[in-house]
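First up is the structure itself, then whatever we jot down about it.
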2 protein chains.
Amino acid sequence: MGVVKKSDNGKKVSRRKFIAATIGGLAVGGAAGFTLSRLTAPAAPFPREIQDVISERKLEPDHVYGALKTYVPGGWQDEFIMFSSGGHSGQVLVFGIPSMKLYRVIAVFTPEPWQGYGYGDVKTMKLLEKGSNGIRFLTLGDTHHPEISRTNAEFDGEWLFIGDKLNARKASISLKDFETKDIVKIPNTQTQHGGACASPNTEYVSCGSQFPAPWEPGRGYKPGVTYVQLTETNYQEYFRGTMTFLRFDRRTGKFDLANSFQIELPPYMQDLEIIGWGPSDGWAFTNSINTEMAIGGVLEGRPPLEVAASQNDFDYLHIVNWKKAEEIVRAGKAKEMNGIKVITLDTAIKEGILFFAPEPKSPHGCDISPSGRYIVIGGKLDPQVTIYDIEKIKEAIADQRFQGEDPYGVPILRFEDVKAAQIEVGLGPLHDEFDDKGHGYVSCFISNEVVKYTLGPPDYTGDKPFQVVDRIPIHYNIGHLATPESNSPSPKGKYLVALNKWSVDRFPNVGPLLPQNFQLIDISGEKMRLLYDCPIGLGEPHYAKIISIEKLKPLEVYEMGTDPETFSKHPQYVEGKVGYERKKEGDRWVTEVWMTLIRSTITPDIIRCKQGDLVRIHMTNIETTKDATHAFAVAEYNVMASIEPGETATVEFVADKPGVFAYYCVEFCSPLHLEMAGWLEVEPV
Amino acid sequence: MGVVKKSDNGKKVSRRKFIAATIGGLAVGGAAGFTLSRLTAPAAPFPREIQDVISERKLEPDHVYGALKTYVPGGWQDEFIMFSSGGHSGQVLVFGIPSMKLYRVIAVFTPEPWQGYGYGDVKTMKLLEKGSNGIRFLTLGDTHHPEISRTNAEFDGEWLFIGDKLNARKASISLKDFETKDIVKIPNTQTQHGGACASPNTEYVSCGSQFPAPWEPGRGYKPGVTYVQLTETNYQEYFRGTMTFLRFDRRTGKFDLANSFQIELPPYMQDLEIIGWGPSDGWAFTNSINTEMAIGGVLEGRPPLEVAASQNDFDYLHIVNWKKAEEIVRAGKAKEMNGIKVITLDTAIKEGILFFAPEPKSPHGCDISPSGRYIVIGGKLDPQVTIYDIEKIKEAIADQRFQGEDPYGVPILRFEDVKAAQIEVGLGPLHDEFDDKGHGYVSCFISNEVVKYTLGPPDYTGDKPFQVVDRIPIHYNIGHLATPESNSPSPKGKYLVALNKWSVDRFPNVGPLLPQNFQLIDISGEKMRLLYDCPIGLGEPHYAKIISIEKLKPLEVYEMGTDPETFSKHPQYVEGKVGYERKKEGDRWVTEVWMTLIRSTITPDIIRCKQGDLVRIHMTNIETTKDATHAFAVAEYNVMASIEPGETATVEFVADKPGVFAYYCVEFCSPLHLEMAGWLEVEPV
């Protein structure tokens, strides 16, 4: 289409035989100008108009560069896809890079009607119910750390994982259809932060607790039924953190609690976590804050939590030998507790599974360099990144060189024994990501910048290891940052996304609740360059993972009659079957409906049932055309389903109110979309 | 910051004394090339790198144009703000134009935790409850037509309105804080499509029904309690459509049902609607489909709805004298029915309030030219737009020139008497928008294009009225389209957004549920040009209204202690008050809490209550800094609030499960954000 339009325009522009004009608004330091000219015939159709646009819009050189680096025309592919958590929206956001276009929101913890997620569709209702684990029907989440499934520690693009900090849950999302397939409540854990990190072949996905939860002695934490009075003594005695290795079944997409295990941890606030590869294969790491074990209590005469929790100069990097832990579990040394095998703190210490290393100060991020050798910690209240060497850690553990132990008996390695380097980077360093050239990039929350530094060998082989080499201001308050396939053996470099918490003056004012700001930064050269400011006005994303687009192989349409829960034939799909029947199931009257949707017909278009019936509709979108999605809603019944081409879905609701209710296709699918409707007649009884 | 970086780069680039290179990948029709050169000294820092980018990325001239026309650097303003419905996401989306950046999602009909909307926050829970009107607690909507409040028919940027088709509701949103302030269920109406259209000074907002609802004779339609068996006879006798004029109080943002009125309509499916200005001031219009009054019933031997509803060559444009209707209501001739004054069909006919004009064929859009003179109808199944002249309509009515009446006795004007013109535009014409130069733009769903045509005088004063002058392909299946301030006296031209239903091959594959595609089109010149493809992966927007950004004056922060429901002091805000007390209210134990949030402290940080207590927390964000939003959530309690600077909000929940539950600030607000937490102790009883 573009070609047609271009030749249309070509006629007009061909009159311009030569164009060379200095463009206004482009002065750099008052001296430079930017000029476009046309040297070859026939006429290029646009130079003059480009001058005009730049001049009229007063674009500066960096703007022109940013525009041209990020513009992805319709029909083109982005280079990368970014999966960002949606923060307390409870969802996952899918962006293209470098376009920064939002291609998709994936419903995970929060019901979302456009996707028919949690509005009567049986598979998603079951999912939310299962994820609620009897706590109550949870309809929100605070999503934090996305992770992509791995093969040999490389992201393989098959599955996505995302955690809910608020309720300690983990979800799996298929990257075949970008839909949530499982939600699991992490046992013995109230809140979860640390991140999803997959083991090198995705046998496990790790989850660390955030705020310690009260445990009943020997019986762990049960949602809403474990009560221990909150005192400083009880906190130390009965509250516990956890690190959980959730077994994942790559074939079904389900977590398998029976084959998962958990390690009991002291009641510090465990923070970011990661599982190693290469030289750190078999090891997992999580840092911690509040090793002071403060509980707050301003009204009760104690100092505020954030003050009391920030006293120690060093907290503890937790070093976990997860492969050994797995062996311990296989050897029957773990204890079943609320549906999961728990390695108690005593066992973990005794068996040599858990070690600490000092880390300054109230640290935050915990990341691993591409080689798998360096564990990098952001200091948060310390202006440095601290880099640990797994070889040194392994050596020190082998030699049993400890400086002592924490109050729970966990052995503490000597800082100097395990440290590779410390680099002073800026104020409030939080998270580190890496490129393909041996550089680390750290987000500095307080000094509002991304700082680029060199790693050491084998990641960086130049002559200036562990040094700052560049810095770029961001706008504003950067939390995480993300580079393509960082925290894997093969980061791709090129781009960096700064996940900024504040946007302040970067966007037009849309009221007191401002969007966040994702800034796309070009890291292909020596100097970092800002390319694009992308507002996030639908949640407060926490972290993102970026993957090369060619690693993703999503479905375009389902095979006819597919149940997306299993990717196999839906038991109620029978080709050509439409109609309904009213029958008794036990004590209950059920009106069961087999429905098809195709442009622009819903069949049946009248369903007659009686008040009190359970209405169960098996609906198949019998389209085979990509994008021919239909949706289904019933007026006043709070029911909504989205049925993609080939999908069969089942919706259930109780016809509790009498009347005649319109139902209709809610996706504008055809010119007669408005007429794609029917009636549910509910006869009063 | 940009300047610092530029001079850094300047050094490197200044070595390049002259650059002139033909750029590859730019061939147009195989013949043209695009060249950049630098003619003036000293060196501009970017021409060479721009060549490189264009060449490496193989950008074509149209791409460069699109990139530079749409790139809005961080810190810059867009020219326009677009309010788009979110379709069955139930929300409203706020975009910038030309950047196409999504600045904000506004929660309206669907609970949304990031905004703390519907998760225990009392004001939003009340709003959703009120909007549910006893039907059930509705947690979704199918938003269709946004509208902006008007002064002298011009958009004034104070209020936004949006309707829920699925449940016949209307919401108001303040453009001071971009928050929903009212939701009202439209009486006697089950579903609502027609649109929100404000009267010239926003005395009323209009809403037309979509699918007729069963009425109890003389008593209207009550949600879930009106049952009439669905037969063709009953449909004609007892089902009715409505056109409602909701009184709006601009001061409070509330709809006032007591001073609203409604007109009973025949059981056609009323479609788009609009209220006139200028020569059409005092008149409202809605078109209709299914004047056949088909009810479907394939399983019962009748033809499918969409076939039977598409038989007539002409349907009826409804012409309503709403000012006269208002007088009739004041004169006491309307009948109170379920909380609203209804002008019955008989009264409407007798009093000369309702007239029909033939309109071909199963029409869809209904729009008014800037002058207020022309009512433009998209033919949908007719390849023309049909343009009516209000002067001719008024004359014909004055002369009582009718061709007959419909089965309900509504007088039908003669088509030739009221028609100004018909223009053959393309297949499946739906909606029309206008620019500032006398042009209309119509979306053609089937032929996948936007077609530009001339209006007649006084809108267009050239010598080729009512003719097609340009067309541009879109990708794909365009529904609505939007131009800045169209459907008002002063459209602004410049841009057009095509709201396309399908995107198919325009974006990377993200699974079977594809995003929609908003295409931004440049209409500043004679020829339309495609600028940008914007994916919409979070709902299926229906229509959008675009307003000049300078008309919006949103708040940056609230005055301290503001209740956003009223924009006045929250009754529970007392400066410096923090703490909690447990007391009895009637039979119920209440733990009432006064809480403040400021970086990085929640006070109190321990709340001790007993199982079964109603916990009521009045929380004030005592920040005065823009963007210093805090949020509040309690683990496992499904509670989430967002509290913007200066806001006081009240959250309520029943502490039904014992334990010690972490609560925390969910907006990453400061380096010690993770430590901004506290504990809710619920003692078992």
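The values are calculated or read from the model by the stated rules, or taken from the named source; none is laboratory data. These figures come from a predicted structure and were not determined experimentally. Backbone-built Cβ (ideal geometry, glycine too); neighbour counts: all protein chains shown. We work out accessible area using only protein heavy atoms, side chains counted, and drop any ligands, DNA or RNA first. Shrake-Rupley method; radii C 1.70, N 1.55, O 1.52, S 1.80 Å.
Contact order, relative form, for chain B: 9 percent (alpha carbon pairs under 8 Å, 6 or more residues apart, mean separation divided by residue count). Descending by average beta-carbon neighbour count within 10 Å, the peptides A:408-415, A:304-311 line up as A:304-311, A:408-415, the highest first. Once Rg and the Kirkwood radius are both taken over the C-alpha atoms of the range A:255-307, their ratio Rg/Rh works out to 1.17. In this Cβ point-charge picture (+1 for Lys and Arg, -1 for Asp and Glu), the range B:80-551 has a dipole of about 1140 debye about its Cα centre. Projecting the Cα atoms of B:51, B:166, B:238 onto the dipole axis of chain B, where Lys and Arg carry +1 and Asp and Glu carry -1 at the beta carbon, places B:51 farthest toward the positive end. Inter-chain neighbour count for A:51-63: the average number of beta-carbon atoms from partner chains within 10 Å of each residue's beta-carbon is 5.
Electrostatic tally near residue B:344: other residues with Cβ closer than 13 Å to its Cβ, Lys and Arg +1, Asp and Glu -1, net +2. The ellipsoid equivalent to the alpha-carbon distribution of the protein assembly as shown has semi-axes of 52, 40, 28 angstrom, derived from the gyration tensor eigenvalues as √(5λ) and listed largest first.
Would you compute the Debye intensity of the range B:482-552 from its alpha-carbon atoms alone, equal scatterers and no solvent, and pass along log10 I(q)/I(0) at q = 0.13, 0.19, 0.28 Å⁻¹ to two decimals? The computed values of log10 I(q)/I(0) come out as -0.44, -0.82, -1.24. Averaged over the residues of peptide B:300-309, the number of Cβ atoms from other protein chains lying within 10 Å of each residue's Cβ is 5.
The residues of chain A have, on average, 29 Å² of accessible surface per residue, using a 1.4 Å probe with all protein chains present.
Enclosing the Cα atoms of the range B:562-683 in their convex hull gives a volume equal to 100 cubic angstrom per residue. When the P(r) of the range B:106-201 is calculated, the portion above 19 Å amounts to 39% of the C-alpha pairs. Note on the range B:562-683: with charges restricted to the Cβ of Lys and Arg (+1) and Asp and Glu (-1), its dipole about the Cα centre is near 260 debye. Excluding residues fewer than 8 places away in the same chain, name every one of the lysines whose C-alpha is closer than 21 Å to that of residue A:584. Residue A:584 reaches A:610, A:657. Taken as Cα centroids, the range A:414-447 and the range B:155-211 sit 52 Å apart, rounded to the nearest whole angstrom.
Extension gain, residue B:300-residue B:77: 0.36 nm per intervening residue step, less the Cα-Cα distance, totals 74.4 nm.
Summed over both chains, the area buried between B and A is near 18400 Å², taken from the accessible surface of protein heavy atoms with a 1.4 Å probe. Summing charges over all other residues whose Cβ lies under 10 Å from the Cβ of residue B:658, with Lys and Arg as +1 and Asp and Glu as -1, gives -1. Counting only the Cα atoms, the range B:78-124 fills a convex hull of 71 Å³ per residue. Can you work out the base-10 log of I(q)/I(0) for the range A:80-551 at q = 0.07, 0.08, 0.12 1/Å, using the Debye formula on its C-alpha atoms alone? Results for the range A:80-551 at q = 0.07, 0.08, 0.12 Å⁻¹ read -0.32, -0.42, -1.02. For the range B:320-404, the equivalent ellipsoid derived from the Cα gyration tensor has semi-axes of 28, 16, 13 Å, listed largest first. Other residues with beta-carbon under 11 Å from the beta-carbon of residue A:370 carry, at +1 per Lys or Arg and -1 per Asp or Glu, a net charge of -4.
If you take the Cα centroid of the range A:474-490 and the Cα centroid of the range A:332-380, the two points sit 23 Å apart. Surface composition of the range B:80-551: carbon plus sulfur atoms contribute 48% of the solvent-accessible area (1.4 Å probe, protein chains only, all chains present).
Each 10 Å bin, from zero up to the one with the longest distance, holds this percent of the alpha carbon pairs of the range A:184-275: 18, 47, 26, 8, 1. Computed about its Cα centre, the charge dipole of the protein assembly as shown is approximately 1980 debye, with only Lys, Arg, Asp and Glu carrying charge at their Cβ. Per residue, the average separation of C-alpha pairs within less than 8 Å and at least 6 apart gives the range A:34-189 a relative contact order of 15 percent. Of the residues B:589, B:635, B:651, the one whose Cα sits farthest towards the positive end of the charge dipole of the range B:586-668 is B:589 (charges of +1 on Lys and Arg Cβ, -1 on Asp and Glu Cβ, taken about the Cα centre). In the range B:347-502, the inverse of the mean reciprocal separation of distinct Cα atoms equals 15.9 Å; this is its Kirkwood hydrodynamic radius. Shielding of peptide B:539-545 by partners, expressed as the average count of other chain Cβ atoms within 10 Å per residue Cβ, is 2.
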